[in-house]
Amino acid sequence: MKNEPEIEQAFFFGRCDAYMTDVLALANMRTTKGGQSRGIRHPAGTHFQEPAGTGRCASGDKGFYNLIRWTVFTLIEADERGVTARNVADLQKTDDPGLKHFFGTEPRYREGAATR
């Protein structure tokens, strides 16, 4: 299967046991497929994590666009990890590898290793 409609068709006609996609796509399928949507399940405790929307800089300044884009991503990540103004100093001292990466406090690549 090569495209979304083929995959959906396989799911709805019983040719595959499971189909996974993002929350917005599942919500769209539930509203557009009517009675066929009974097999669609949204696992409890899941939530939409990606910012959904368009972004554009009127001046075409890609650098500024990327700055805004990554600021939004960082704010979402901070919220998900429970980072606040009150606990940021304490969390920067953590041994949690995910938080070390988030704060940029993880050990740097060893000397001579390829970096991006």
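The values are calculated or read from the model by the stated rules, or taken from the named source; none is laboratory data. Just so we're clear, the structure is a prediction, and the values are computed from it rather than from any experiment. Ligands, DNA and RNA are excluded from the accessible area calculation, which covers all protein heavy atoms including side chains. Shrake-Rupley method; radii C 1.70, N 1.55, O 1.52, S 1.80 Å.
The numbered conditions (1) under 30 Å from V72 (Cα atoms); (2) at pLDDT 70 or above; (3) in a loop (DSSP other than H, G, I, E, B) are all true for C16 except (1). Looking at (1) part of a helix (DSSP H, G or I); (2) open to solvent by 70 Å² or more (accessible area, probe 1.4 Å); (3) at pLDDT below 80, which is the only condition A27 fails? Result: A27 passes all but (2).
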